[in-house]
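Novice: Submitted below is the structure of interest, expressed as structure tokens.
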Amino acid sequence: MTRRQVGYQWHLAELMARHGLRNTTDLAPLLAERGVELSASQVYRLVAQTPERVSLTLLAALCDIFGCPLDELVTTSATDSPAGRSRRAAGDGPVVDLAATVRPRRARVSPDGP
């Protein structure tokens, strides 16, 4: 049995550059015009990082700002990967038994004072 591995790429920074928006602060007022109120740090993270969750309202606003379809903002991919056991198979690489190599030391508690 195979499993599907899905992924996506976020292209907001490239779209901003193509449209002459150099700073993340330039995007906030354009979003606000479309009813999407985000703080400066939220807008920065939206541009600088790949978000895990975004609202459909935000996606629609970004597509409207840049006059682009959704697939220019986010591209998706899916590949087949063999479904394997969750445990590591023997010979997959070095496995260190931490119980045998790293042992905690017994603490000594001594009273405070002279």
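Novice: Select from the stretch 67-82 the residues that are assigned to a helix (DSSP H, G or I) and over 23 Å from ALA32 (Cβ atoms) and list them in ascending order.
Specialist: ASP71
Novice: Also: Taking the residues in the stretch 50-62 that are in contact (Cβ under 8 Å) with a residue 12 or more places away in the chain and under 18 Å from ALA13 (Cβ atoms) as candidates, determine which candidate is surrounded by the most Cβ atoms within 10 Å (Cβ to Cβ).
Specialist: LEU62
Novice: Sticking with this structure for a sec: Condition check: small (Gly, Ala, Ser) and either loosely packed, with under 11 Cβ neighbours inside 10 Å or under 21 Å from the mean Cα position of the chain (by Cα) (or both). Does ALA32 satisfy that?
Specialist: no
FYI, it's all coordinate maths here, none of it is from the lab. Model, not experiment: these values are computed from the prediction. No Cβ is skipped: glycine too gets one built from the backbone with ideal geometry, and neighbour counts run over all protein chains shown.
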